[in-house]
Amino acid sequence: MASKFILRNLVIVSLVMSLTLTCTLGGIECENLSSETCSFAVSSSSKRCVLEKHGKRSEEEAYTCETSNIKADKLKDHIENDQCIKACNLDRKSLGISLDALLESRFIEKLCSPQCYKCCPNIVDLYFNLAASVGVFLPKFCDMNDV
């Protein structure tokens, strides 16, 4: 009995602390992310983060993370994990995304693989919306490519 009481209190204390920490930190702001965590991240306002390259030929190139105008569906405060980046054949140094990726068989194979498609909803949502913008339904597209 005493162990259930202690366990319940630990759960309550952990929940209160996590809520307090989230409120204190205020969530993810793209401008505060490093270039190593920016690409495929979503801010606390559900806006997607994008990596921007700055600098001229005579200067050293610098990267900054900025908030885009593109909203993520049903997602906020998310930094994509390394497993998803690898499973979906992506690169953290990506400067935007392109429809051209949907024409590359190697990329489609990885995007439609169970390791990416079933486990990385942020990335799938991003490419689902990109494909939909040109009239392509990603689930059927993956089925047609026998992945």
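The values are calculated or read from the model by the stated rules, or taken from the named source; none is laboratory data. Small disclaimer: the values here were computed from a predicted structure and weren't measured. No Cβ is skipped: glycine too gets one built from the backbone with ideal geometry, and neighbour counts run over all protein chains shown. Just so you know, the surface numbers come from the protein's heavy atoms only, side chains and all, with ligands and any DNA or RNA stripped out. Shrake-Rupley method; radii C 1.70, N 1.55, O 1.52, S 1.80 Å.
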### Query
How about segment 73-147: which chymotrypsin sites (Phe, Trp or Tyr not before Pro) there lie in a loop by DSSP and see at most 14 other Cβ atoms within 10 Å?
Phe137
### Task
Give the peptides 89-95, 42-48, 69-75 in descending order of average Cβ contacts within 10 Å, highest first.
42-48, 89-95, 69-75
#### Entry: Length-normalised contact order for segment 23-138 - Cα pairs under 8 Å, 6+ apart - percent
23
### Task
Apply the Karplus parameterisation 6.51 cos²θ - 1.76 cosθ + 1.60, with θ equal to phi minus 60°, to every residue of segment 82-98 and state each ³J(HN,Hα) to the nearest whole Hz, in sequence, with x for glycine and proline.
5, 4, 5, 4, 6, 4, 9, 6, 10, 10, 5, 8, 5, 9, x, 10, 9
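For Leu33, what is the net charge nearby, where nearby means another residue's Cβ is under 13 Å from its Cβ and Lys, Arg count +1, Asp, Glu -1? List each step's numbers first, then the result.
Details: positive: Lys47, Arg48, Arg92; negative: Glu29, Glu31, Glu36, Glu52, Glu66, Asp77, Glu80.
Taking every Cβ under 13 Å from that of Leu33, the sum is -4.
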### Task
Could you check how much of the accessible area of segment 23-147 is carbon and sulfur, as a whole percent, using a 1.4 Å probe?
51
### Query
Amide H to amide H under 5 Å from Ser45: which residues, 5+ apart in sequence or cross-chain, H placed 1.01 Å off N in plane?
Asp77
